[in-house]
Each structure stands twice: as structure tokens, then as C-alpha cells.
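The values are calculated or read from the model by the stated rules, or taken from the named source; none is laboratory data. Note that this is a predicted model, so its numbers are computed, not measured. All Cβ positions, even for glycine, are placed from backbone atoms using ideal geometry, and neighbour counts span all protein chains on display. Just so you know, the surface numbers come from the protein's heavy atoms only, side chains and all, with ligands and any DNA or RNA stripped out. Shrake-Rupley method; radii C 1.70, N 1.55, O 1.52, S 1.80 Å.
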Amino acid sequence: MENISLLLQIIVAVSVYYVWIFRYHNVLAEFKQFGYSDVFRNFVGAAKMSISALLLLGLCYDEITLYAALGMAFFMLSAQLTHFRVKNPFIQRLPSLIFLIMSLFIAAFNYGLI
């Protein structure tokens, strides 16, 4: 289970970086569709990238992993609620749902639930 949790930490962190750096045009389009401001989009991006850094740091310092995973789960849950609010199809909600589940798994493992 530990190896799965560590692998998921890497997957979540690297994926967030990938989306916010190389797929930023998609982020711009989504936040525009959601009706959110540029300032809010930039805050979310900075927060998610910072949390991703903490997830990667958690590979060496276990004590921060739980908080980073819960922080990422919060943002993924918020994404789910936003997609639901604007009535996006399930396929558009699927990535944030998968990352929500992965973040909750990481948190549960680091809290000692699994």
C-alpha cells in the first residue's frame, strides 16, 4: 500500500503541473466557462502547484503528506461541484473525480486508515 500511495503522490503532483503548465489554454477556457475571475484562477493555480510541491516533498517528509493530500482533495471536490454547477457532462468531471479519489487514498493511507 505504501508504494501505491507514493506512486499516486507522484501521479497527482506531476499531472497538476502538466495541466497548469502545458495545458494552460484548457484551464483558461474552463475558468472562463465557469465565470471565475482571472485573479481567482491564478490563486487556484498557485495553490494547486504549491500543494503539488508539498506532495512531492512528502516523498521525503511523511508528516506533510496528509495535509497536502487533503488540500488537493479540497480543490478536486471544488472542481467537481463547479462542473456540476455548470452542468458539464460526466466525461469532463471524470479527471477531477479520479484525482479526488487518488488524493483521498493518499490521505487515508497517511492517516493510517488503510
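Some notes on this structure:
- Being touching a Gly at 6+ places or on another chain (Cβ under 9 Å), of a type in the set (D, E, K, R) and at pLDDT 95 or above is a condition met by no residue of the stretch 23-45.
- Criterion violated by residue 94 - all others in (1) in contact with a helix residue (DSSP H, G or I) (Cβ under 9 Å, 6 or more places away or on another chain); (2) in a helix (DSSP H, G or I); (3) under 21 Å from residue 4 (Cβ atoms) satisfied: (1)
- Of all residue pairs spaced 6 or more apart or on separate chains, those with beta-carbon atoms under 6 Å, a first member in the stretch 16-28 that is farther than 12 Å from residue 41 by Cα and a second member that is open to solvent by less than 70 Å² (accessible area, probe 1.4 Å) are 16/48; 16/52; 17/52.
- Here residue 76 meets the list (1) of a type in the set (A, V, I, L, M); (2) within 17 Å of residue 15 (Cα to Cα); (3) part of a helix (DSSP H, G or I); (4) open to solvent by 40 Å² or more (accessible area, probe 1.4 Å) almost entirely, failing just condition (4).
- Scope the stretch 79-91; condition under 16 Å from residue 27 (Cα atoms), outside any helix (DSSP H, G or I) and either under 10 Å from the mean Cα position of the chain (by Cα) or not hydrophobic (A, V, I, L, M, F, W, C) (or both); matching residues: 88
- Among the residues listed as 50, 37, the single one being under 17 Å from the mean Cα position of the chain (by Cα) and among the polar types (S, T, N, Q): 50
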